[in-house]
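Working notes, beginning with the structure itself.
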Amino acid sequence: MRRTGNLYDAIHDPENLRLAFCKARRGKEDRREVREFARDLEGNLSRLRDDLAGETVAVGEYRHFRVRDPKERTIYAAAFRERVLHHAVMNVCDPVFERFQIFDSYATRRGKGTFAALERARRFTGSNAWFLKLDVRKYFDSVDHGILKGQLRRLFSTTSPHLNPPIQPDGFRAKWTSNPLIQSPSQSAPDLRQCGVWRRMAPGKFFLPFSRRC
């Protein structure tokens, strides 16, 4: 597998950070933390860029709350500054992840989404009498960070410690890699081509992963 490298500078490029802000703000313009960030936009983006370049950016500032839809779930929402960081990472890394997604993965992907997933499911029902609805309990909470980082190393050849960190339980490098990418929608569907589930699927059977965030 050919790996992709030299991405870190692109992540903290000023134009990429400005695009990340626009994406993070979309639909949330009236929220107080968004307005406060936008009030000193250039200063906030400049400080984020300096923190990234100096490897001193702090992450992990989440607020959590519970919702029922219908079952109870705990939601962890990142601070707006971190959401800008998440988008900055995914602006650069998403094309790499996209090459390794299975076709029938529909959560927050360009040209996919809820309606495309529903249409695909409708087509599947025409050739299958039965279906299994399956949910992974506490999916993000159960992700093994060591395994995830190993998968990232197979995709990225960058020498930056942020995208290719040593395995360690804490510290800036491990946290920075774990938080934005695990929370990324592009990581919500596994690359089944690399695991036994995909290889053992019977011919003529279909797999349709999507999440509530489609």
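The numbers here are math on the coordinates, done by the rules we state, and not lab data. Note that the structure is a prediction, hence the values are computed from the model and not measured. Neighbour counts are summed over all protein chains in view; Cβ atoms, including those assigned to glycine, are modelled from backbone coordinates with ideal geometry.
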Original post:
Exposure proxy check: 104, 9 ranked by fewest other beta carbons within 10 Å?
Top reply: 9, 104
**OP:** Along Cα→Cβ, 7 Å out, is where each label goes; now give me the distance between the ones at residue 118 and residue 50 in nm to one decimal.
**Re:** 4.9 nm
Original post:
Going 7 Å from the Cα of residue 135 toward and past its Cβ, which residues in segment 48-70 have a backbone nitrogen under 20 Å from where you end up?
Top reply: 64-70
Subject >> Cleavage-rule hits, trypsin sites (Lys or Arg not before Pro), segment 23-74, DSSP coil, Cβ neighbours within 10 Å at most 15 >> reply: 26, 28, 31, 71
Subject >> Coil-residue GluC sites (Glu not before Pro) of segment 17-81, DSSP, other Cβ within 10 Å capped at 15 >> reply: 29, 55, 61
